[in-house]
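The values are calculated or read from the model by the stated rules, or taken from the named source; none is laboratory data. Please read these numbers as outputs of a predicted model, since none were measured by experiment. Don't worry about glycine lacking a Cβ; one is built from the backbone with ideal geometry, like all the others, and counts go over all protein chains shown. These accessible areas exclude ligands, DNA and RNA; they are computed on the full protein's heavy atoms, side chains included. Shrake-Rupley method; radii C 1.70, N 1.55, O 1.52, S 1.80 Å.
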Amino acid sequence: MTLAPVKRRVIHFVTLREHGYTFANAMEALDARGVHAVHVPWDTVFASETLAHGTWVLADFERLPPGALVAAGKVYRALKAAGCRVLNDPARWLPRADLMRALEVEGVNSYRCWRPAVQEWPDRWPVFLRRASGHTGAASGLLGNLDEARAALEAALDEGLPISDLIFVEYAAEPVPGRTYFRKSAAFRVGPQVLRAISVHGDDWLLKRGTSEHATESDYAEERAEMTVYPHEDFVWKVFEIAGVEFGRVDFGLRAGRLEVWEVNTAPNVRPPYEHANPDRTETVRLAFEGLVTALHGLARTPGEPVSIAGAFRRHRAKGTGHAMLHHL
């Protein structure tokens, strides 16, 4: 299978097939600005003999199995050798548990995680159980002692969750100072740039989308001001360098006066601007989206000759499917 090149500037986003929606809004905005933005599923990449020349953002590593990560690393090197601009090297990316350990060692985070698969058990409380891969959130509530931790692990195993993909994570959230709600802050790295992303607020310490009624006017005013002068740029740079990520979003919060990193996502959901009752929030959302799209626009390149990846990894086709099945390299 060959992905045909195009003549205008191009940028490719690679995720699992079902997660292309994460870049859909950014792709639409890039197309409107004259950049050909393409979603290429990983199974299409692995089934291809050649890939189009241009800029490639390799993403969704959190959901790739080890064998696919090895093959993705080979693809990265083939594209780089052909002169493509490629963001995110699978060989240098740190998965969640390893990133948490590295951030603790580097003094960025104060909290810990433990791998029950190697008989690591928490010695600080409370903790929660979660999968190390993907973005499925907690697999338990807060656990206060070893008996509760063992019971939560058994419940997860009974559900069929593999112990190799489970970790205990120390609870390190804290409400916004002087408030009863929580805040999740975020920032993007887009190649050579760090960009502030919007924050979310809510009652739940495990924040996903958040709820608008919790933030105050002062919260939104502070957020708007940081779009002009971002105080956490050095912190964010350090986190991305440790994580081995050139494109992605870091989520973090404040506890006891210090920043704590929750995760680095290589395929964050890019949401478009929307109107909000608070004008500062409306403008922050617009600026965050425009900044991200502008940064991606600057990375796009006019493609050259197609890039052969036929020798990047061995493969055989599964009988009855059109997808390439990967051998261990």
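The modelled label-to-label distance between residue 232 and residue 101, using points 7 Å beyond Cα along the C-beta direction, is 2.6 nm. Taken as Cα centroids, the stretch 215-260 and the stretch 117-169 sit 28 Å apart, rounded to the nearest whole angstrom. Listed by number, the DSSP H helices of the chain that run 20 Å or longer by alpha-carbon position along their axis and have mean Kyte hydropathy of at least 0.5 are 66-81.
Length gained on full extension, residue 159 to residue 28, computed as 0.36 nm times the residue gap minus the Cα-Cα distance: 43.2 nm.
Accessible area per residue for the chain in Å², computed with a 1.4 Å probe and the full protein assembly in place, what is it? Spell out each step's value before the answer.
On the way: 14940 Å² over 329 residues.
Roughly 45 Å² per residue, with all protein chains present.
Counting helices only, and only those DSSP H runs with n ≥ 4, report the 222 nm mean residue ellipticity of the chain as the sum of -39,500 (n - 2.57) divided by its residues, in deg cm²/dmol to the nearest 500. Mind showing how you got there, number by number?
On the way: 8 runs with 95 residues, N = 329.
The per-residue figure over the chain is -9000 deg cm²/dmol.
Surface composition of the stretch 118-168: carbon and sulfur make up 50 percent of the accessible area, probe 1.4 Å.
So if we plug the beta-carbon distance of residue 294 and residue 179 into 1/(1 + (r/R0)^6) with R0 = 35 Å, what FRET efficiency do we get, rounded to 0.05?
Between residue 294 and residue 179 the formula returns 0.60.
One quarter of the surface of the convex hull around the alpha-carbon atoms of the stretch 187-264 equals 5.5 nm², the direction-averaged projected area.
When the scattering of the stretch 1-160 is computed by the Debye formula from its Cα atoms alone, each counted once and equally, what is log10 I(q)/I(0) at q = 0.15, 0.20 Å⁻¹? These q points yield log10 I(q)/I(0) values of -0.90, -1.23.
Let me have the relative contact order for the chain, percent, based on Cα pairs under 8 Å that are six or more residues apart. Before the final figure, lay out the partial values.
Numbers: 620 pairs, mean separation 80.9, N = 329.
Rounded, it is 25 percent for the chain.
How compact is the stretch 50-110 by the rule of thumb for globular proteins, expressed as Cα Rg over 2.2 N^0.38 Å?
On the way: Rg = 13.9 Å, N = 61, 2.2 N^0.38 = 10.5 Å.
Cα Rg divided by the expected 2.2 N^0.38 Å: 1.32.
Kirkwood Rh, Cα Rg: Rg to Rh for the stretch 1-92? Across the stretch 1-92, the Cα-based Rg/Rh ratio is 0.94. Between residue 69 and residue 218, the FRET efficiency from the beta-carbon distance, with R0 = 45 Å, is close to 0.55. Rounded to the nearest 0.05, what FRET efficiency is calculated for residue 241 and residue 204 with R0 set to 22 Å and r the Cβ-Cβ distance? E between residue 241 and residue 204, to the nearest 0.05, is 0.15.
Between residue 136 and residue 17, what is 0.36 nm times their sequence separation minus the Cα-Cα distance? Round to one decimal in nm. Present the calculation step by step, with values, prior to reporting the outcome.
On the way: separation 119, 0.36 × 119 = 42.84 nm, distance 1.76 nm.
Fully extending the segment from residue 136 to residue 17 adds 41.1 nm.
Take 20-26, 173-179, 105-111 and order them by the average number of nearby Cβ atoms within 10 Å per residue, most first; the result is 20-26, 105-111, 173-179.
With contacts taken as Cα pairs under 8 Å at a separation of at least 6 residues, the stretch 1-72 carries a relative contact order of 46 percent. Let me check I have the definition right: for the chain, take the eigenvalues of the Cα gyration tensor, multiply each by 5, take square roots. What are those semi-axes in whole Å, largest first? Its equivalent ellipsoid spans semi-axes of 34, 28, 16 Å.
Per-peptide packing, taken as the mean over residues of other Cβ atoms within 10 Å, places 126-135, 60-69 in the sequence 126-135, 60-69 from highest down.
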